[in-house]
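What follows is one structure encoded as structure tokens, with my remarks underneath.
The values are calculated or read from the model by the stated rules, or taken from the named source; none is laboratory data. Only a predicted model underlies this, so the values are computations on that prediction, with no experimental measurement involved. Don't worry about glycine lacking a Cβ; one is built from the backbone with ideal geometry, like all the others, and counts go over all protein chains shown. SASA here: full protein model, heavy atoms, side chains in, ligands and nucleic acids out. Shrake-Rupley method; radii C 1.70, N 1.55, O 1.52, S 1.80 Å.
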Amino acid sequence: MTGQERSEEKSECVSLSPMMEAVPAPPQSERVCVFGTGDLGRSLGLRLLQAGYGVVFGSRRPHSSSSLLPHGAQVLGHAAASQSAHLIFIAVQREHYDFLVPLANQLKGKVLVDLSNNLKKNQYPEANAEYLQSLVPGAEVVKGFNTLSAWSLQNGPSDANRQVYICGESVEAKQAVIAVATKLGFSALDQGFLSVARELEDFPLQLFPQWRLPLRISIGLSAAFFFYLLIRYVIYAYVTQGEDISFRIMVSLANQVCPIVSLIMLSLCYLPGVLASFLQLYRGTKYRRFPNWLDRWMLCRKQLGLLSLGFAFLHVLYTLIIPIRYSVMFWVTEHTVSLIRENRTTMFDTTTAWHDDSYLSLGILGFGLYVLLGITSLPSVINALSWREFSFVQSKLGHLTLLLCTAHTYLYGWNRFLSSSTYKWYTPPGYMLCLVLPSVVLLLKLLLITPCVDRTITRIRQGWERGADQRNPKDSQPLIP
């Protein structure tokens, strides 16, 4: 959202309708004021009206306002509007704060909620909210609602982020803003004093901060396996047999890279939890912080899982188009014609049929659970689940998904693991390499769910410490009954 869209000075104005003028004024205690008739100001005013508040817009042209202003709101001059409410939302950009200086006396004791953001970090020497406080020293400035867009305000908290971050010097002023945010259906989080305003203003400027590491991992894995498989298949065939199969790069090679990266990233999603459990076992307590690298890894597990699901989707799509590829149809036709010319038939192989059906069935089941994990990671679904339900889906079904996808890959290899022709230039195929990490994760998880180990981890997570038994022998309990 640009400053032009959020600024009052950039808004077009039309005459106020008689119906809007005839709306009775609400009680003073339920009335709020909005300075700014841009997209954000109008959307905020609409949400306030829907929540039962009386809304007064402050405009430098009180006799004409935007045709998009919500019905039921009053429009007054800045001076009159500032006197009509104790809580005032400043929905204009910093460069237009000058009109507030002549109103400093009238705004004394008022609560001013600064909604502004900047175009880039460190654009000004101080935060916008701090600058606003310096212009109107007698008012109580609160930074808040700046992380919400006009779209999210229009659609409500059910379709947008529920969290509203606020900060300010006055506890009473922040409580008033929290009350409004709660009535609008948002969850207000008090971040402290006004000095935190710069950090809040930087939130909307961040571009996928939690996605950077997962994206780098996915890009790195994709590039590494692409070139590895390119050498093993395309270049190997050209060097040893003089055959040009470069056309396979677009589909066949991509269809090998996607499942490999998907399985590795799904393993990376569950590996940090396993490492954290073993670390707690080693330390004998949960009251020590994990290393920073493990903390960061655990915080991006959701993004790793969603990217893994994306690669799985690509694998499914690439697989579905295999029958309509020219090279496949040509080979099937040639093979059929060859059998007819030679008057040959092929016998039905039950073992191969069992292998193919089992391989495909495990892949379908694994992908189905994959999709379920992705759905339950949506904020709207998370809010509808209890912690036990969410933990069951993401942990229990998540490890089952990893198991099914790993078994799917093992069945894909089938009897090729022991075939010497599989190891071109003495290198293993990509699917063999991608099986290492998920196999390790599953083996470690198998150790953790054994009764004796699981019971110890459960006690540690409930607050038990290994050294506490020696300090308090009366409270100690045997690990194994």
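Quantify, in whole percent, the carbon and sulfur part of the accessible surface of the stretch 133-250 (1.4 Å probe; protein heavy atoms only). Mind showing how you got there, number by number?
Working: 3640 of 6190 Å².
Reported share for carbon and sulfur atoms: 59 percent.
Would you calculate, for the chain, the mean residue ellipticity at 222 nm contributed by helices, counting each DSSP H stretch of 4 or more residues as -39,500 (n - 2.57) and dividing by all residues, to the nearest 500?
Helix-only estimate at 222 nm: -15500 deg cm²/dmol.
Using only Cα atoms, find the angle between the long axis of helix 398-413 and the longest principal axis of the chain, and express it within 0 to 90 degrees, rounded to the nearest 10.
Helix 398-413 sits at roughly 30 degrees to that axis.
What is the gain in length, in nm to one decimal, between Ser222 and Leu279 on full extension, counting 0.36 nm per residue of separation less the C-alpha to C-alpha distance?
Residue separation times 0.36 nm, minus the Cα-Cα distance, leaves 17.5 nm.
When a/c is below 1.5 the answer is rounded, else prolate if a/b is larger than b/c, else oblate, so apply that to the stretch 149-211 with a ≥ b ≥ c taken from the square roots of the Cα gyration tensor eigenvalues.
Judged from the Cα gyration tensor, the stretch 149-211 comes out oblate (a/c at least 1.5, b/c at or above a/b).
For Asp357 and Glu172, compute 0.36 nm times the residue count separating them, minus their Cα-Cα distance, and round to one decimal in nm.
59.9 nm
Determine the order of Trp211, Trp414 by accessible area, beginning with the largest, at a probe radius of 1.4 Å.
Trp414, Trp211
Using only Cα atoms, what is the ratio of the radius of gyration of the stretch 280-326 to 2.2 N^0.38 Å?
Working: Rg = 19.4 Å, N = 47, 2.2 N^0.38 = 9.5 Å.
Output field value: 2.04.
Apply 1/(1 + (r/R0)^6) to the Cβ-Cβ distance of Phe203 and Glu243, taking R0 = 51 Å, and write down the FRET efficiency to the nearest 0.05.
Numbers: r = 55 Å, r/R0 = 1.08.
Rounded to the nearest 0.05, the efficiency is 0.40.
Given the pairs Lys121/Lys183; Lys286/Lys445; Lys121/Lys302, which are separated by over 22 angstrom at their Cα positions? Don't skip to the answer; put the middle values down first.
Working: Lys121/Lys183 32 Å; Lys286/Lys445 19 Å; Lys121/Lys302 27 Å.
Correct reply: Lys121/Lys183; Lys121/Lys302.
With the contact rule set at Cα under 8 Å and sequence spacing of 6 or more, what percent relative contact order holds for the chain?
Values: 638 pairs, mean separation 50.7, N = 481.
It rounds to 11 percent for the chain.
Run the numbers for Ile322 and Ser187: contour at 0.36 nm per residue of separation, minus the present Cα-Cα distance, in nm.
On the way: separation 135, 0.36 × 135 = 48.60 nm, distance 4.86 nm.
That pair, Ile322 and Ser187, stretches by 43.7 nm at full extension.
With a Förster radius of 30 Å, plug the Cβ-Cβ distance of Phe417 and Thr350 into 1/(1 + (r/R0)^6) and report the FRET value to the nearest 0.05. Before the final figure, lay out each step's value.
Details: r = 21 Å, r/R0 = 0.71.
Working from the Cβ atoms, E equals 0.90.
Compute the distance from the alpha-carbon center of the stretch 246-317 to that of the stretch 76-120, in whole Å.
So the separation of the two Cα centres works out to 48 Å.
By DSSP, what percent of the beta bridges with both residues in the chain are antiparallel, rounded to the nearest 5? Numbers along the way, then the final one.
Values: 5 of 29 bridges.
Bridges in the chain that DSSP calls antiparallel: roughly 15 percent.
Could you give the longest part of the chain that holds none of the GluC sites (Glu not before Pro) found in DSSP loops with at most 11 neighbouring Cβ atoms within 10 Å?
Working: sites that count: Glu12, Glu243.
The longest uninterrupted stretch comes out as 244-481.
Starting from the Cα of Ala179, step 7 Å along the direction of its Cβ; do the same at Val332; then give the gap between the two resulting points in nm.
Distance between the two pseudo-spin positions: 7.1 nm.
What distance in nm lies between label points placed 7 Å from Cα along the C-beta direction at Ala254 and Ser395?
Roughly 3.9 nm, to one decimal.
Provide Rg over Rh for the chain; use the alpha carbon set for both Rg and the Kirkwood Rh (inverse mean inverse pair distance).
Rg/Rh: 1.13.
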